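Working notes, beginning with the structure itself.
The values are calculated or read from the model by the stated rules, or taken from the named source; none is laboratory data. Predicted model only: the values in this text are computed from it and were never measured. Backbone-built Cβ (ideal geometry, glycine too); neighbour counts: all protein chains shown. The protein model used for the area step is the full one, side chains on, heavy atoms only, and it has no ligands, DNA or RNA in it. Shrake-Rupley method; radii C 1.70, N 1.55, O 1.52, S 1.80 Å.
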Amino acid sequence: MIELQAVSRHYRAGGEVIRALDAVDLSIAAGEFVAIMGQSGSGKSTLMNILGCLDHPTGGRYLLEGHDVGKLSDDARARLRSRAFGFVFQSYNLIPRMSALEQVELPLVYQGARDRSRRAAAALQTVGLGARMRHRPTQLSGGQQQRVAIARSLVVEPRVLLADEPTGALDTRTGEEVMEVLRTLVRTRGITVIIVTHEPEIAAFTDRAIRMRDGRIVADERVA
Amino acid sequence: MNVFDALRIALRAIAANRLRSVLTTLGMIIGVGSVIVLIAVGQGTQKGVQDQIRGLGTNLLFVRPGAAQDAQSGARGAAGSAATLTQTDAEAIAASGIPEVRGVAPQVTFNAQAIANGNNIGVTLIGTTPAYPEVRSAALAEGAFVTDLDVERRALTAVLGAEIARALFPDGGAVEQTVRLAVGGGRTGFNFRVVGVMAPRSGSGGGEQDNYVFVPLPTMQSRIGFQRSAAGVVLVNQINVQTADGADQQRAALAISDLLLVRHAAVAPDFTVQSQDDLIGAAGEVSRTLSILLGSIAGISLVVGGIGVMNIMLVSVTERIREIGIRRAVGARRRDIVVQFVTEALTLTMGGGLLGIAAGVGIAIGINGHEISGQLMTTVVQPWSVAAAFAVSVVIGMLSGSYPAYRASRLDPITALRNE
């Protein structure tokens, strides 16, 4: 489903070239539950941003379901983000003045979808927040905010869910709850879930762990 | 995303920053409102001056003495300072047979005090002939005007302007009463019998003429002021000439001018002949300059208001780059982002523009006909100024929303998301 061929991402910082990604080859099949691991600066977040079309590679090819993403226009990439991908970030990235329900409706607004509030409510039910739909981010705990973010990514029924340190801001117990939610999605809906983490305990929830160092993949293990 | 989504998002953002939105809108309200008010004042002043000149009468030519010129130094005095026009000049114009001339009324003007009933008020005293009411299209409310008999006898009869009659005799019945008219600080004064009261002059130009008191010209000459030329002929300040309806005023002015040149045996005119149109033209120059000045001041305040909106939108977009990143991550196209912020800016500026129009038109109509620090305000709201002010507010909205949003929408979503 996802195929990276020698993908690089170089930054220019003060005359120095930083190779955040250095000719990475990777393929991920539909329905996989993958953890990308590594220390800060290893390039794992950059990899995830490129997978989610939030960032563009400076070299190599990215094929999504056989289509070259690099050749898409900005609008086409926006449509892809809106229909194929769901994103969950470490810092939740919720909009402060909106209620949970409105946050989850947002992707549907940009899709021009109908029946927004029913679908958004259903997504919130899935993550167990059916009773807190009118709350704003400041009225929710960290775990609840992250579940709102998961609901927002789920509401468009994406094929791939990308989560960047989804438990990074949460305590162990709520972190594990969030991981349970993600695992259930993989098992029951066949969604491809890719998470970025530096915690082995969190990676243990997944089926495949990809280790990165200095912009390269150094290990790719399948957990039985 | 459709229009309603965009509008809903914009209204929420505006409501979320209430104080900032109010201040921004206030800038637009003041800008748009002042454009409308100041242009209305400028136009009103122009109209007021025109009305005042038209209110003098219809089809009028004014003959006034020329500027006095000192033979030695060549220094010229103000127009009217020379003493060259005489009562016989007026009689000559009347008897000249110039076809356009329908009536002639010379006048001598003095400032005087009118005293009656224990009231003492300043008036403009006008010595003239019985032709005056017809020449100047002035109507009488009561009694009669100065008659030929009054002129012949130098009678002590007076006709009061409407305002003077009201001030001296608040209870009415001015006719047959006695009024003391005094000049020179009261050293010279005579009791006059009131024979008539003028009807109020309508229009904004009426005020001054309602403060006139008329007496027979020879009475004025013999009792109040002694103005005679070296040859002993009675001098006048002004000769009012009425031309026939539809007559060529320029030709009449030339004919009068020629006649007087011959009579005065002068090479260059020592008098001026001006039509009402000349006066309106001259006054129009002044008031047009005033209009342009006021309009420019208002325009500056509108521009300042507009820059305020731009500034706020720039800050608002910069502050919300992260929000833009989130929206982009969940599928917003660049266009959606631009539409969102343009809608927000347009809502602010158009809202401010509409409120500004309401305030401006309201104030302009409110002050019309009222006195502000002793000055009677006349305002004429110009529809084009309303349209222009609103159009400017829309353009400001478009510009101030689109530029920063366009810049923000060019960022990669992840760059926007990382923005703190």
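Take the residues in the range A:53-68 that are at pLDDT 90 or above and surrounded by 17 or more Cβ atoms within 10 Å (Cβ to Cβ), then tell me which one is nearest to A:LEU161 (Cα to Cα).
Of the residues in the range A:53-68, the ones at pLDDT 90 or above are A:57-64, A:68.
Filter again for surrounded by 17 or more Cβ atoms within 10 Å (Cβ to Cβ), leaving A:57, A:60, A:62, A:64.
Details: A:PRO57: 20, A:GLY60: 23, A:TYR62: 17, A:LEU64: 14 Å.
Step by step, filter the range A:53-68, then rank; the result is A:LEU64.
Filter the helices (runs of 4 or more DSSP H) completely within the range A:29-133 down to those with at least 3 residues that are touching a residue at least 12 places away in the same chain (Cβ under 8 Å), under 20 Å from the mean Cα position of the chain (by Cα) and away from every other protein chain (no Cβ under 12 Å).
On the way: elements: A:44-51, A:74-83, A:100-111, A:116-126.
Those helices (runs of 4 or more DSSP H) span A:116-126.
Among (1) surrounded by fewer than 23 Cβ atoms within 10 Å (Cβ to Cβ); (2) assigned to a helix (DSSP H, G or I), which single condition is B:VAL267 missing?
(2)
Which numbered condition trips up B:VAL395, out of (1) within 14 Å of chain A (Cβ to nearest Cβ); (2) open to solvent by 60 Å² or more (accessible area, probe 1.4 Å)?
Of the numbered conditions (1) within 14 Å of chain A (Cβ to nearest Cβ); (2) open to solvent by 60 Å² or more (accessible area, probe 1.4 Å), the odd one out for B:VAL395 is (1).
Any residue that is part of a helix (DSSP H, G or I) and either in contact with a Lys or Arg (Cβ under 9 Å, 6 or more places away or on another chain) or assigned by TED's automatic domain parsing to the domain that holds B:LEU261 (or both) - is there at least one of those in the range B:96-115?
Restricting attention to the range B:96-115, the residues satisfying the condition of being part of a helix (DSSP H, G or I) are none.
No; the residues of the range B:96-115 include none that is part of a helix (DSSP H, G or I) and either in contact with a Lys or Arg (Cβ under 9 Å, 6 or more places away or on another chain) or assigned by TED's automatic domain parsing to the domain that holds B:LEU261 (or both).
Quick check, is B:ALA167 among the hydrophobic types (A, V, I, L, M, F, W, C) and in a strand (DSSP E or B)? Outline the logic, then answer.
Details: among the hydrophobic types (A, V, I, L, M, F, W, C): yes; in a strand (DSSP E or B): no.
Taking the combined requirement at face value, the residue does not satisfy it.
Within the range B:316-325, take every residue that is open to solvent by less than 40 Å² (accessible area, probe 1.4 Å) and within 11 Å of chain A (Cβ to nearest Cβ) and give me the one that is farthest from the chain's Cα centre (by Cα). First the steps, then the outcome.
First pass over the range B:316-325, keeping only residues open to solvent by less than 40 Å² (accessible area, probe 1.4 Å): B:316-317, B:320-321, B:323-325.
From what is left, the residues that are within 11 Å of chain A (Cβ to nearest Cβ) are B:320, B:323-325.
On the way: B:ARG320: 51, B:GLU323: 54, B:ILE324: 54, B:GLY325: 57 Å.
So, considering only residues that are open to solvent by less than 40 Å² (accessible area, probe 1.4 Å) and within 11 Å of chain A (Cβ to nearest Cβ), the one farthest from the chain's Cα centre (by Cα) is B:GLY325.
A quick yes/no check of all residues on (1) at pLDDT below 90; (2) within 30 Å of A:VAL156 (Cβ to Cβ); (3) open to solvent by less than 30 Å² (accessible area, probe 1.4 Å); (4) within 14 Å of chain A (Cβ to nearest Cβ):
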position: B:LEU314; (1), (2), (3), (4): yes, no, no, no
position: B:ARG327; (1), (2), (3), (4): no, yes, yes, yes
position: B:GLY331; (1), (2), (3), (4): yes, yes, yes, yes
position: B:LEU348; (1), (2), (3), (4): yes, no, yes, no
position: B:GLY352; (1), (2), (3), (4): no, no, yes, no
position: B:LEU355; (1), (2), (3), (4): no, no, no, no
position: B:GLY360; (1), (2), (3), (4): no, no, yes, no
position: B:ALA364; (1), (2), (3), (4): no, no, yes, no
position: B:ASN368; (1), (2), (3), (4): yes, no, no, no
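Write out, first by first residue and then by second, each pair whose Cβ atoms fall under 9 Å of each other, whose residues are 6+ apart or on separate chains, and whose first residue, in the range B:399-420, is at the interface with another protein chain (Cβ under 10 Å from one of its Cβ atoms) and open to solvent by 30 Å² or more (accessible area, probe 1.4 Å) while the second is of a type in the set (A, V, I, L, M) and part of a helix (DSSP H, G or I).
Hits for this filter: B:THR415/B:ILE321.
For residues in the range B:12-23 being among the aliphatic types (A, V, I, L, M) and open to solvent by 90 Å² or more (accessible area, probe 1.4 Å), which is farthest from B:GLY305 (Cα to Cα)? If you could, list the steps in order and put the result at the bottom.
Residues of the range B:12-23 that are among the aliphatic types (A, V, I, L, M), as a first pass: B:13-16, B:19, B:22-23.
Checking the rest, the ones that are also open to solvent by 90 Å² or more (accessible area, probe 1.4 Å) come to B:19, B:23.
Details: B:LEU19: 16, B:LEU23: 10 Å.
Going through the qualifying residues, I end up with B:LEU19.
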